[in-house]
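Take a look at the structure below.
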Amino acid sequence: MKNKEKKHEGLDRYIILAVFIFAASAAIIYNLAKIQIINGQKYKEESVYRLAATGSIYPKRGDIYDRNGVPIAGSRMGYCAQYVDVKMPAKEKNQMLLELIKVLEKDGKTIKSRLKNYIDINPVRFKTDAPETFIKNIAKTEEDAKYIITAEQAFQYMREKTFEIDPSYTVEEAFKIMQLRYEILLSQPQLNNPMILAEDISVEVMSELEERSSEFRGVTTFVKPYRVYYEAASLLPHVLGYVSEISADDLAKFNEELKDDENSVPYAAGDIVGQMGIERAAESLLRGIKGKTFREVDENGRTTTSYTEREAVPGNDIYLTLDVKLQKIARDALISNIQRIRTIKDKKNFHDADAGAVVVMDVNTGEILAMASYPDFDPRAFLENNTEAINAIRNAPNSPMFNRATSGNYAPGSTYKPLVAIAALETGTITPYTKIRCPYREEIGNMVFTNLEGDQGYINLEKALETSSNMYFYKVGVQTGIDNIVKWAKIFGFGNKTGIEIGESIGSLASKEYKKQNFGEDWYPANTAMASIGQLYNAFTPVQIANYVATIANDGKKYTPHLIKMAVDDDGKIVYEPSTEYTQIPAKQSTIDAVKKGMIAVTNKTDGTAASHFKDLPFKVAGKTGTSETGYESTSSSNGLFVCYAPYDKPEIAIAVVVEHGVWGAYTAPIAKEIIMEYFNLNKENNNNANQAAETIDIIW
């Protein structure tokens with residue numbers, strides 16, 4: 001009996017164990033089936049969602065310095081907040097988002113939302129007459145869209161149906177929630193494409209967002225470099241340019257250019273790029289290469305694991321050819337002399353001088369040592385992204401963002417006469433000693449021309465340049481012929497871009513082709529006469545004119561003007577330097593010498609049109625004044641130009657100055673003199689004042 005009971009007890013244990021094993025196996029099989037079959041897609045999506053979280057590490061944009069290492073542009077690190085949409089009940093999401101908005105408002109940050117393009121409150125109204133796109137976005141069904149007609153209906157529909165905003169919120173609070181919810185609706189922010197909530201937030205706000213991360217589900221912060229412009233940047237805004245968010249057109253353009261570069265990382269919406277000046281021209285050198293991060297997040301969008309897949313590569317530093325101290329003198333001299341010219345009593349002066357440009361060039365390298373355009377602007381305004389301030393700059397009188405030094409087209413006036421002299425000498429029309437009769441008035445090509453210098457009798461080339469005799473060049477120009485003049489003008493670079501890195505105008509060259517193409521008319525000898533004194537259709541940029549004078553100064557070596565001295569990578573290795581090659585102008589040395597002799601007379605002989613300005617210098621300056629008519633002389637002053645190089649016997653720099661409505665070329669010569677005084681350390685007082693630019697480089701605006 002006992003043995004049978006023991007056998008039954010043993011059997012019961014096995015049965016119980018078998019049942020337990022079966023039940024456990026059934027449970028495991030059920031859960032596996034539930035995971036793999038019933039909820040397999042759901043868990044698969046969640047797994048992919050977590051593993052697909054990659055992000056960018058923004059590289060530091062390269063710094064920009066002057067030739068002596070004075071900082072002009074740099075970078076600083078700032079914090080940003082971003083959002084990945086997380087599924088949660090509407091009531092919880094709206095409450096969270098409103099709290100989030102309140103935290104960001106502590107920094108003065110507002111959500112950039114496209115909703116504000118369509119609707120406003122106080123009173124509730126549409127901002128556009130045709131908000132069809134907006135209605136389509138907020139309506140849950142096509143049928144609902146038919147009945148959303150007024151702004152009040154749209155507002156109420158968003159509140160009750162689209163975003164389910166609790167009626168306890170005020171209109172203002174509801175509108176703030178709507179703005180953020182609408183942007184989330186359009187952006188659909190995911191792990192690989194988060195939505196930027198706010199840029200450049202304070203440390204305090206960043207810390208609060210991090211501390212309340214369990215409350216602000218889907219919100220994370222990251223570090224990003226921001227551009228800084230130092231005090232020196234305000235001295236050269238047109239050269240420097242500025243940066244801002246990439247446009248859709250540039251996004252497509254830049255990425256097209258990068259498509260064949262295996263080492264590059266494409267641009268993305270929201271990236272910061274150069275918009276003008278060196279910031280634009282050297283974008284590929286300055287931008288750097290983005291790094292890449294991997295993030296694993298939980299169902300609330302919080303990071304659980306992260307690591308760096310690829311480090312960011314900083315952009316290259318750029319050293320400009322400009323000297324900040326010389327730049328300050330050039331800019332200040334331009335501005336102060338424009339103001340001075342306005343006060344001069346002269347029957348030709350309408351007291352309307354208001355703009356101009358100056359270019360200083362190293363004649364032996366092509367390096368631009370100073371380049372100023374007035375009026376100008378402060379590029380630091382663009383870093384603040386202050387719409388009001390930016391619009392004020394863009395809409396200011398006289399176009400302060402327009403770079404007159406590289407894009408302003410000006411008739412060269414008498415500064416063109418040395419070019420005509422070169423053409424005449426090279427064609428054998430004249431020799432340096434040929435004397436031409438220059439009466440007060442004479443008919444040329446069925447048109448009567450007058451000589452502003454009066455009846456000069458017979459004069460040679462040196463005297464003609466010294467006194468800027470119009471009659472001499474009317475007659476010599478016609479004898480030389482327009483085709484020969486144009487030939488030599490092109491050799492010196494007129495009618496073509498100089499090749500300088502930043503945007504420039506091609507200008508226009510008075511020629512038979514130009515007149516026929518633009519006016520459909522034939523060319524006449526009287527046209528040649530006008531073109532020979534730098535009028536008619538001749539219009540050149542100050543940088544073209546400076547390059548032409550530099551080429552004369554260095555005996556016919558024509559360099560390409562440039563603003564970048566070199567680019568240096570993060571290890572200090574030079575990765576870019578401009579070419580130092582030059583083109584030798586095919587003019588005889590005797591031709592160049594004859595023209596130089598006349599230009600030296602301009603600034604040194606008794607009748608020289610600019611002699612009074614340079615007589616106290618310890619060396620001679622060779623120059624040429626130019627007064628160019630605009631065609632509106634009955635109501636406004638002519639433009640004033642002056643070009644020169646110094647010293648005359650061993651040239652180092654060439655200068656071109658243009659003042660719009662500057663009356664006479666001689667009125668602009670003092671600008672060049674102040675630059676010469678600074679460059680050759682002849683004015684200690686100016687030197688001390690110029691040092692202020694370098695002393696304040698640590699100021700961030």
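The values are calculated or read from the model by the stated rules, or taken from the named source; none is laboratory data. These numbers were taken from a predicted model, which means no experiment stands behind them. All Cβ positions, glycine included, derive from the backbone under ideal geometry; neighbour counts span all protein chains shown.
Laid out as a table, the results:
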{"quantity": "Odd one out for I545 among (1) touching a Lys or Arg at 6+ places or on another chain (Cβ under 8 Å); (2) assigned to a helix (DSSP H, G or I); (3) within 30 Å of E279 (Cα to Cα)", "calculated": "(1)"}
{"quantity": "Residues of the stretch 407-455 classified as more than 48 Å from the chain's Cα centre (by Cα) and on the phi < 0 side of the Ramachandran plot, total", "calculated": "12"}
{"quantity": "Meets criteria (of a type in the set (S, T, N, Q) and over 30 Å from G69 (Cα atoms)) for Q544", "calculated": "no"}
{"quantity": "Residue satisfying condition, being β-branched (V, I, T), touching a residue at least 40 places away in the same chain (Cβ under 8 Å) and assigned to a helix (DSSP H, G or I), within set I165, I184", "calculated": "I184"}
{"quantity": "Cβ pairs under 9 Å, 6+ apart, first in the stretch 604-617 and within 14 Å of E462 (Cβ to Cβ), second among the basic types (K, R) and outside any loop (DSSP other than H, G, I, E, B)", "calculated": "K605/K463; D607/K463; T609/K624"}
{"quantity": "Candidate set: the stretch 646-663, residues that are assigned to a loop (DSSP other than H, G, I, E, B) and in contact (Cβ under 8 Å) with a residue 60 or more places away in the chain; chosen: the one surrounded by the fewest Cβ atoms within 10 Å (Cβ to Cβ)", "calculated": "E652"}
{"quantity": "Candidates K109, K60, K87, K102, filtered to the one that is in a loop (DSSP other than H, G, I, E, B), exposed (fewer than 12 other Cβ atoms within 10 Å of the Cβ) and modelled with pLDDT of 85 or more", "calculated": "K87"}
{"quantity": "Residues of the stretch 118-147 satisfying the condition of being in a helix (DSSP H, G or I) and closer than 19 Å to Q188 by Cα", "calculated": "T133, F134, I135, K136, N137, I138"}
{"quantity": "Which numbered condition K497 misses (of (1) buried (at least 21 other Cβ atoms within 10 Å of the Cβ); (2) assigned to a loop (DSSP other than H, G, I, E, B))", "calculated": "(1)"}
{"quantity": "Residue list for the stretch 205-247, restricted to those being outside any strand (DSSP E or B), among the small types (G, A, S), touching a residue at least 12 places away in the same chain (Cβ under 8 Å) and within 19 Å of D271 (Cβ to Cβ)", "calculated": "G241"}
{"quantity": "Count of residues meeting criterion [assigned to a strand (DSSP E or B) and without any contact (Cβ under 8 Å) to a residue 60 or more places away in the chain] in the stretch 345-379", "calculated": "1"}
{"quantity": "Test for A312: is it in the same structural domain as F377 (by TED's automatic domain parsing) and of a type outside the set (F, W, Y)", "calculated": "no"}
{"quantity": "Condition broken by K605, with the remaining ones in (1) at pLDDT below 95; (2) touching a Lys or Arg at 6+ places or on another chain (Cβ under 8 Å) satisfied", "calculated": "(2)"}
{"quantity": "Spans of helices (runs of 4 or more DSSP H) in the stretch 269-344 with at least 3 residues touching a strand residue (DSSP E or B) at 6+ places or on another chain (Cβ under 9 Å) and hydrophobic (A, V, I, L, M, F, W, C)", "calculated": "324-343"}
{"quantity": "Criterion: modelled with pLDDT under 90, out of contact with any Pro (no Cβ under 6 Å at 6 or more places or on another chain) and more than 30 Å from Q156 (Cα to Cα) - qualifying residue of L191, L209", "calculated": "L191"}
{"quantity": "Search result, residues across the stretch 431-481 that are more than 19 Å from G534 (Cα to Cα), out of contact with any strand residue (DSSP E or B) (no Cβ under 7 Å at 6 or more places or on another chain) and of a type in the set (S, T, N, Q)", "calculated": "T431, T434, N446, N460"}
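Matching residues to (1) surrounded by fewer than 16 Cβ atoms within 10 Å (Cβ to Cβ); (2) out of contact with any helix residue (DSSP H, G or I) (no Cβ under 6 Å at 6 or more places or on another chain); (3) part of a loop (DSSP other than H, G, I, E, B):
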| site | (1), (2), (3) |
| --- | --- |
| S505 | no, no, yes |
| K516 | yes, yes, no |
| W523 | no, no, yes |
| A526 | no, yes, no |
| A529 | no, no, no |
